[in-house]
Amino acid sequence: MSENPSAIIERIRSKTSELYSEIVGIRREIHRHPELSFQEFRTTALIREHLQRLKLKIEHDFLETGVVALLEGSDRKPGRTLVALRADIDALPLQEENRHDFCSVENGKMHACGHDMHTAILLGTAAVLAEIRETLAGDVLFVFQPAEEKAPGGARPLIEAGLFHHYKPSAIFGLHCFPQLQAGKIALREGSLMAAADELYITVHGEGGHASAPHKAADPVLAAAHIITSLQHLVSRVASPYDPAVVSISSINGGNATNVIPGKVSMSGTLRTMNEDLRILMQKRLRQTIEHTARGLGVEAELDIVNGYPVLVNHPETTRALRQAAIEYLGEDKVEECEPLMTAEDFSYYLQHCPGAFIQLGTGRKKPEKGNTLHSPFFNPDESSIVTGVGIMSYAAWSWLAR
Ligand code: NI
């Protein structure tokens, strides 16, 4: 029994509004009890309990935390398809400074990236889709993923544990809170949306000595200053002006006296790029610039790079289908084009194996509030965006299967 899209939209809307206060309650419950990456045991138990109540099949436990569950649609076409929906569930090591009555009770831990919202939205989506399961032209896989916040992240081990070996979704969708956009709206982008983020660790080895006699030492502090400055030429002279790149040296440590040249300086920072070719090129040129600048100044320097998440690339066909679904569900004025973001997300790993798209969900208020940004102790998303999140995830899954 296939229903027409406008009837489905009506059913999704009414079920979402019926469930709204329950989903808000779930979100606040998760918000009160944030758990760090790979320690999400309480959150995992909460998710399992809700999914079991909806009679979803809890699948294979791929990792110690997180849940993968399947909703079998009953309107099955031959060669039926599977669509996957993903939420991340972990929190940040951050002390909450909000004053609302559902603040974190865990000292030094906070859902400051909105993963409590993502989890509650996906549970709401499961409830809505379970309600209309007789109209689903395929199955829906719900992926509640642990440990997005801490590289190497939870997505990669989940995939390595066999997620895409057991399931072959034809698309995967996910979303993230986006406080710079007003609640009620979403933003989408085809192609590169979020950056590859690599950690840089630089050590400059010199020869310490008396600060009054620098000619008898090899000064790693002066060399470190030259290195920091020279690295910016990579952004202005190696990366194409049409291809964004960021190099930030964000910490520098060395020496502890006014009259002693230290033997060593350590620095760390981040490299952000929007495509893999530029990422490789920048890594190579960073290493050369650091080593050669140091050598030219009579010291030695080495660079360690810890590769973070790859570039998040939204697949054109799924993004277009998602945009179409979003316009049908929300209206054209609620669907914006997203600019590339230099933040990173391990949803990118799924997109290396499976077509899909990542949505930025507006969670901002009409009047922008200072400090209400991601990873801030004052992060406080507009909960009305839950309605948009549940609606768009549900309808995106339904319409992808109905194609
Ligand atoms: Ni996040």
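The values are calculated or read from the model by the stated rules, or taken from the named source; none is laboratory data. Bear in mind that the values here come from a model prediction, so they are computed numbers and not experimental data. Methodologically, a virtual Cβ is constructed for each residue, glycine included, from the backbone with ideal geometry; neighbour enumeration extends over all protein chains shown. SASA here: full protein model, heavy atoms, side chains in, ligands and nucleic acids out. Shrake-Rupley method; radii C 1.70, N 1.55, O 1.52, S 1.80 Å.
Side notes on the structure shown:
- Test result for LEU129, more than 16 Å from the ligand (Cβ to nearest atom), modelled with pLDDT of 95 or more and in a strand (DSSP E or B): no
- Subset of the stretch 331-371 that is hydroxyl-bearing (Ser, Thr, Tyr) and within 16 Å of GLU149 (Cβ to Cβ) - its residue that is surrounded by the most Cβ atoms within 10 Å (Cβ to Cβ): SER348
- Those strands (runs of 3 or more DSSP E) lying entirely in the stretch 308-403 with at least 1 residues acidic (Asp, Glu): 335-337
- Long-range neighbours under 7 Å by Cβ, at least six apart or interchain, first residue in a helix (DSSP H, G or I) within the stretch 40-55, second open to solvent by 70 Å² or more (accessible area, probe 1.4 Å) and of a type in the set (Asp, Glu): none
- Hits in the stretch 16-57 - residues which are open to solvent by 40 Å² or more (accessible area, probe 1.4 Å) and closer than 17 Å to VAL140 by Cα: ARG48, GLN52, ARG53, LEU54, LYS55, LYS57
- Among the residues making up the stretch 97-124, a single one is over 23 Å from ILE159 (Cα atoms), surrounded by 24 or more Cβ atoms within 10 Å (Cβ to Cβ) and more than 16 Å from the ligand (Cβ to nearest atom): GLY124.
- Residue within the stretch 255-269 that is under 22 Å from LYS150 (Cα atoms), crowded, with 19+ Cβ neighbours inside 10 Å and touching a Ser or Thr at 6+ places or on another chain (Cβ under 9 Å) present: yes
- Selection of the stretch 142-200 for residues being acidic (Asp, Glu) and either under 30 Å from SER266 (Cβ atoms) or within 16 Å of the ligand (Cβ to nearest atom) (or both) yields GLU148, GLU149, ASP198, GLU199.
- THR289 being in the same structural domain as TYR242 (by TED's automatic domain parsing), under 26 Å from the mean Cα position of the chain (by Cα), of a type in the set (Ser, Thr, Tyr) and surrounded by 19 or more Cβ atoms within 10 Å (Cβ to Cβ): no
- Looking across the stretch 372-403 at every residue that is under 22 Å from SER21 (Cα atoms) and of a type in the set (Gly, Ala, Ser), the one that is surrounded by the fewest Cβ atoms within 10 Å (Cβ to Cβ) is identified as SER384.
- Check on ASP304, in a helix (DSSP H, G or I) and open to solvent by 50 Å² or more (accessible area, probe 1.4 Å): no
- None of ALA69, ALA87 is within 16 Å of the ligand (Cβ to nearest atom) and either outside any loop (DSSP other than H, G, I, E, B) or open to solvent by less than 70 Å² (accessible area, probe 1.4 Å) (or both) except ALA87.
- Hey, GLU18 assigned by TED's automatic domain parsing to the domain that holds ILE392, out of contact with any strand residue (DSSP E or B) (no Cβ under 8 Å at 6 or more places or on another chain) and without any contact (Cβ under 8 Å) to a residue 40 or more places away in the chain or not: yes
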